[in-house]
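The structure appears right after this line, and notes come after that.
The values are calculated or read from the model by the stated rules, or taken from the named source; none is laboratory data. On a predicted model such as this, the values are computed, not experimentally measured, just so you know. We place every Cβ from the backbone using ideal geometry, glycine too, and count neighbours over all the protein chains shown. These area figures cover heavy atoms from the full protein model, side chains too; ligands, DNA and RNA do not enter into them. Shrake-Rupley method; radii C 1.70, N 1.55, O 1.52, S 1.80 Å.
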Amino acid sequence: QVQLVESGGGLVQAGGSLRLSCAASGSIFSIGIMAWYRQGPGKQRELVAKITSGGSTNYADSVKGRFTISRDNAKNMVYLQMNSLNPEDTAVYYCNVLGSSGRYSAFRYYWGQGTQVTVSS
């Protein structure tokens, strides 16, 4: 099994910045795509950004130019640098990883518990 632990959430004023981190641990054989999702109050969970093992990235239109996703393959970490935050970014942010726990184990998606980001106006 792969465990994901997010950190870095909190309360910030509009225009401020936060950096989220997600550490993958446990029985990790291989990690593919790593991503961040978020779920705002009364909203469905949505993809924020994703990054392949080779470093290719994709972003939701709402965060392009403000958020940056990165990863450290040696440490099994993924990060989300969030700048110019606005109240619409308020949500629980979830780390999502496509990984395998063994050479003969199938890849599956793993989710973290989430970290709250609140942006005040």
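Counting only residues that are in a loop (DSSP other than H, G, I, E, B) and either in contact with a Leu (Cβ under 7 Å, 6 or more places away or on another chain) or among the hydroxyl-bearing types (Ser, Thr, Tyr) (or both), the range 101-121 holds 6 of them.
Taking the condition small (Gly, Ala, Ser) and in contact (Cβ under 8 Å) with a residue 40 or more places away in the chain, does residue 91 pass?
The answer is yes for residue 91.
Screening the candidates 1, 39, 44 for the property of being over 15 Å from residue 117 (Cα atoms) and touching a strand residue (DSSP E or B) at 6+ places or on another chain (Cβ under 9 Å) yields one hit, 1.
Let's see how each residue does on (1) closer than 15 Å to residue 7 by Cα; (2) modelled with pLDDT of 95 or more; (3) part of a loop (DSSP other than H, G, I, E, B):
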| position | (1), (2), (3) |
| --- | --- |
| 34 | no, yes, no |
| 38 | yes, yes, no |
| 50 | no, yes, no |
| 71 | yes, yes, no |
| 95 | yes, yes, no |
| 99 | no, no, no |
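When the range 33-86 is filtered for residues that are of a type in the set (Lys, Arg) and either open to solvent by 60 Å² or more (accessible area, probe 1.4 Å) or closer than 24 Å to residue 11 by Cβ (or both), the ones remaining, listed by number, are 38, 43, 45, 50, 64, 66, 75. The number of residues in the range 1-32 being in a strand (DSSP E or B) and either in contact (Cβ under 8 Å) with a residue 60 or more places away in the chain or open to solvent by 60 Å² or more (accessible area, probe 1.4 Å) (or both) comes to 19.
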